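Worksheet for the structure shown next.
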Amino acid sequence: MFLKKVEKYRLFNPMEGKEEEVEVEIRFDPLTGKPSRIVKKPLPFTKGSFEEDLKKPCPFCEDVVEKVAARDVEVLGKNLKRKGNSILFANISPYARYSLVIRICKEHYLNLGEFKAEDFYNSFALAVEYLKEISEKIDYATITMNYLKPAGSSVVHPHIQLIASEELMDYQSRIINSARSFYKTHGKQFWEVLSENKEFEDLILSRSKWLWFVPFAPRGFDHVAAYIDKPILEVNEEELKELCEGIVKILKFYSSEYNSFNFGIFGSLKKTPYFGTLFDIVARTPFDKYYWCDVFAITKIYDEAYTNKAPEETAKQLKGFF
Ligand SMILES: [Zn+2]
C-alpha cells in the first residue's frame, strides 16, 4: 500500500567545504498513485512585511461588502446571506455552474493563530444551506480557501469559495475513480483500510468523528487531511464543529513558520458506498514583499507534488496540537 523510491544525488557544498548526499524520496499516494517528491532539506522560508497590501481598498470589509458584492441570481436573488460574521455572495469570477464566495469574518487580516472555529462554522453552514438548494442538480461540491497571495488569493480579507460544478476537477476524478475501484476490489472504503493499517499508525493524528491524518505522499508543505464517511450535506453540527476546531489547530501549528495556506473540502452530495467528504490543507510559502512562489515548473507544468519534510515528522510535530 505504501510505495516509495529513493534517489540520491551527491554534491559538493563550498560553503560547508564538503560533499553531501541529498536524498529525494518519491512516494506514491496509496489511493490515486500520484507521486510526491520529498526533499528532506529545510527550505529558507522568511516571513517579511506586506503592510502595503493590507492598506489596499478591500471589497469584503463590513461597510463595503453590501455595496459591491455580486449577487447570486438563481438561488439567493438580490440578498446576501449572513450567519454570524460570515456572508455568502456570488463569485464575480466564477469557476463553475454555481460559484460563490463566503467572507469568513469581520477582521480584514488575521495571523494564522487568530482564526476562530466559530467563523469557519458559520461559513461552512452557509455553504451547506446553499448546497441543499441545488442538491438535485449537482453530485459533488468543493469548498476552497486561498489565504494571502502565495496561496493565489487576490484579496487579503479571509474568505472561502464554494464551487459546485457539473464536472469534477482533474484530481477529484482521480480520487473518485480510485475510491470506486478500491471499494470494488476490497469491499471496504479506502479510508477505512488506511485507518486500520498498522504501517500508517504514525501518520494518524486523531480518530474522532473525522479521521485526521498526514498523507503518506504529501501534496505540499505540512499537508494534513481529514475524512468522514458521509455526504457533505449529512455532516451534522458536532461533526462540522470538529472540522472547524481541527482547522484552527492546524493553523496554530502553521503559524510559527507560515502565514499562507490553501485548503479544500471535497464532498459528495449523495450517499455512495465508496466516498464521503475529504478535507485537505497545505501551507504555502510565507508572504512577504518579495515572496518566493512554491509553484515552479515541475508543479505547474508537470503536476508533480513536492514537499520539504517527511510526513512522519509533520505528524510528530502536530500531535501536540490534537
Ligand atoms: Zn477587508
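The values are calculated or read from the model by the stated rules, or taken from the named source; none is laboratory data. Given the structure is predicted, the values throughout are model-derived calculations rather than measurements. Here the Cβ positions follow ideal geometry from the backbone for every residue, glycine too, while neighbour counts run over all protein chains shown.
Please give the number of the condition G320 fails out of (1) of a type in the set (G, A, S); (2) surrounded by fewer than 21 Cβ atoms within 10 Å (Cβ to Cβ); (3) touching a Lys or Arg at 6+ places or on another chain (Cβ under 6 Å).
Every condition holds for G320 apart from (3).
Within region 67-74, can one find any residue that is in contact with a helix residue (DSSP H, G or I) (Cβ under 9 Å, 6 or more places away or on another chain) and in the same structural domain as A305 (by TED's automatic domain parsing)?
yes
When you look at E52, is it in contact (Cβ under 8 Å) with a residue 12 or more places away in the chain and within 16 Å of the ligand (Cβ to nearest atom), yes or no?
yes
Give, as residue ranges, the strands (runs of 3 or more DSSP E) completely inside region 1-72 that count at least 1 residues that are within 26 Å of S255 (Cβ to Cβ) and either over 26 Å from the mean Cα position of the chain (by Cα) or at pLDDT 90 or above (or both). It would help to see each step written out before you state the result.
Working: elements: 3-13, 18-28, 35-39.
Qualifying strands (runs of 3 or more DSSP E): 35-39.
Looking at G220, G320, which one is in contact with a Ser or Thr (Cβ under 7 Å, 6 or more places away or on another chain) and of a type in the set (G, A, S)?
Of the residues listed, the single one that is in contact with a Ser or Thr (Cβ under 7 Å, 6 or more places away or on another chain) and of a type in the set (G, A, S) is G220.
As an exercise: evaluate V75 against (1) in a loop (DSSP other than H, G, I, E, B); (2) over 30 Å from K271 (Cβ atoms); (3) more than 24 Å from the chain's Cα centre (by Cα) and give the number of the one condition it does not meet.
It fails just one condition, (2).
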